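The values are calculated or read from the model by the stated rules, or taken from the named source; none is laboratory data. Computed from a prediction, not measured in an experiment: that's the story for all the values here. Positions of Cβ are backbone-derived with ideal geometry, glycine not excepted, and every protein chain shown enters the neighbour counts. Just the protein is used for accessible areas: all its heavy atoms, side chains included, with ligands, DNA and RNA removed. Shrake-Rupley method; radii C 1.70, N 1.55, O 1.52, S 1.80 Å.
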Amino acid sequence: MKISQKSNYYLEIGLALFAALIYAIPLEFLILTGGSQLPFSNESIAFRYFTALRILSGEGGTVWTAQGQFTSLIQLLIFWASEKVNGAGLTKENLDIFSILSTAATNLFMLIIYLKVARDQFLTFSDKACIFFLGPTILFATVNAGFYYFLLPDYLAFSMVIISLSAYLTIHVYRKDSKFTWNHLLILSFISGLAASNKITLLGISSIPVLLMILKKPLDSKVIFMRMIFSGFTTVSAFVLIFYFLYLFNLHATLIALINAAGFLKSIGGETGFWAQNFKLFQTAYGYDKIFYFWLGCTIFMAVELCRRREFRGLPIIASCIFTALLLGIGLYKRGAGTTFFELSCILGGLTSIAISIAIGSTTKNIFIKFIPILIFIISIFKFDYAHNWIVVNRSVGLSGISWEVFDYLTSLKRPVQVIIINGMGEYETSGVIDLSKGLRLLNTNEFSNDYPLVKKVFPNIEFLTQPKVFESGTAVMWVERWDPILSAPLKISDQSELDHLNILNEIASKNNCREWLTGYSNQQKIHACIIDNL
């Protein structure tokens, strides 16, 4: 190896490590503060932790999540290994280990990709920079949203790993001037199936390197058709295989889960009020509506630039990018969800990285153009809110402690009781272990369930109810109200039925020895819990 080659090698390895460290900032903040993911990741932890626990408890395909099966498979292994080391049971230690290792696994996969990219001799420096700074740019440019979603022990963070891998594979196949091989098509198609099992929308970007491999010489119409059939079969097989592994090689459970997942896809477009609520309140507040339009603009610009240059070999890629972008737009319109805009921003980021690499080319002498990905990353740094995100993880350990106090109170009840968990103020207001009760219900419904053995295992003396009309002595009641910490009073409720219900609960609290906890990042939530002895 020549000295100049050694210098480039060490520079690129250094950039890979630097990018990995930057991408892992959310996890690093958490570790440095000694924080807990529970207060801000309670819903994700509930779905993922209890999915693993219930599958291993033998509950089968009735336990399923709408997306993230590939992530759940990784977490199933983490759960199994942590129980072997730390013992079974729902404990603070088990929950923290599960959450941190899930996030750490995502960051480890990203590091492996970066190191592989750094050692790839077919990629230019600009190609590598596009991939290195894709994830970190999303993290910084989307301000608090990127920090939050990349720290969740959920499928969103791992989707960014898949997007980065897909971008790398696309550029690698494009740069490597080689003939078609069935082995490469098999590998690329299998990876595409894994991507789809994590999130169905990832099929678009993960299929671009597959398309490039299909279009490699030698070519004719019959050959292309055979390759497409082979690729499609491999992709679907990989998708189903993830389900089969996740449900412990139980074919019946796998079929049930696949049917449930298909039913979820069939109901696409069922959400209401997306544009008036989620889009304006969350996307605009977090700022990732801007990054979405930025990536979309960059992708279109690069498409025009490639077509202007008439680089025929690049047209399949750019056509795929445009087609995927159109599918993303349709998906955004058809299925509005709180995370949809952020996910599509990440995918468009991957598409833009591909387009930038191809547009820059491999022979350009313009130093400025070569450093475009790094310049975009530097600009994004100034949007990141370091202080806010540090406070979030720094205060999380205290909020986690309050949540476990509530949980310990619930589990300390010795006599057989009915426990009513009421949250008229909104489903996601409890912030902590209370939300883990979601993991004890059917994951595709909004009702608590006592039909599964796990409920009896964790809460042997408790029967869960919701919104009762009649309260009886010997019933444990738990409810949450929004609280104004400055006025030390509950916030006003406009809905008369909710107000009447809350007045009844407050009367119960005044007659019984109820415990109270202030929680939430601004002490804006007040949790009440007690056993009714006096009505």
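So, Asn42, is that one among the polar types (S, T, N, Q) and open to solvent by less than 10 Å² (accessible area, probe 1.4 Å) or not?
no
Checking Lys116 against (1) under 18 Å from Phe18 (Cβ atoms); (2) touching a residue at least 60 places away in the same chain (Cβ under 8 Å); (3) among the charged types (D, E, K, R), only one condition comes out false. Which one?
Every listed condition holds for Lys116 apart from (2).
What number of residues within the stretch 214-225 are free of Cβ contacts under 8 Å to residues at least 24 places away in the same chain and under 11 Å from Trp182 (Cα atoms)?
Going through the stretch 214-225 one residue at a time, the tally reaches 0.
Residue by residue, here is whether (1) in a strand (DSSP E or B); (2) surrounded by fewer than 11 Cβ atoms within 10 Å (Cβ to Cβ); (3) modelled with pLDDT under 70 holds:
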site	(1), (2), (3)
Phe471	no, no, yes
Met478	yes, no, no
Glu481	yes, no, no
Ile486	no, yes, yes
Lys492	no, yes, yes
His501	no, no, no
Ile508	no, no, no
Leu518	yes, no, no
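Would you mind stating whether Leu17 is in a helix (DSSP H, G or I), open to solvent by 10 Å² or more (accessible area, probe 1.4 Å), modelled with pLDDT of 95 or more and farther than 28 Å from Leu246 by Cα?
Taking the combined requirement at face value, the residue satisfies it.
If a residue has to be open to solvent by 20 Å² or more (accessible area, probe 1.4 Å) and among the basic types (Lys, Arg) to count, how many in the stretch 205-228 make the cut?
Going through the stretch 205-228 one residue at a time, the tally reaches 2.
Could you count how many residues in the stretch 229-248 are surrounded by 14 or more Cβ atoms within 10 Å (Cβ to Cβ) and farther than 21 Å from Leu73 by Cβ?
So the answer is 3.
Of the residues that sit in the stretch 205-237 and are over 23 Å from Leu344 (Cα atoms) and small (Gly, Ala, Ser), which one is modelled with the lowest pLDDT?
So, considering only residues that are over 23 Å from Leu344 (Cα atoms) and small (Gly, Ala, Ser), the one modelled with the lowest pLDDT is Ser221.
One line per residue, one yes/no per condition, for (1) touching a Leu at 6+ places or on another chain (Cβ under 6 Å); (2) part of a helix (DSSP H, G or I); (3) buried (at least 22 other Cβ atoms within 10 Å of the Cβ); (4) not small (Gly, Ala, Ser):
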| site | (1), (2), (3), (4) |
| --- | --- |
| Lys116 | no, yes, no, yes |
| Asp120 | no, no, no, yes |
| Lys128 | no, yes, yes, yes |
| Ile131 | no, yes, yes, yes |
| Thr137 | no, yes, yes, yes |
| Phe140 | no, yes, yes, yes |
| Gly146 | yes, yes, yes, no |
| Ala157 | no, yes, yes, no |
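Collect the residues in the stretch 174-195 that are in a helix (DSSP H, G or I) and open to solvent by 10 Å² or more (accessible area, probe 1.4 Å), keeping them in residue-number order.
The answer is Tyr174, Arg175, Trp182, Asn183, His184, Leu186, Ile187, Leu188, Phe190, Ile191, Leu194.
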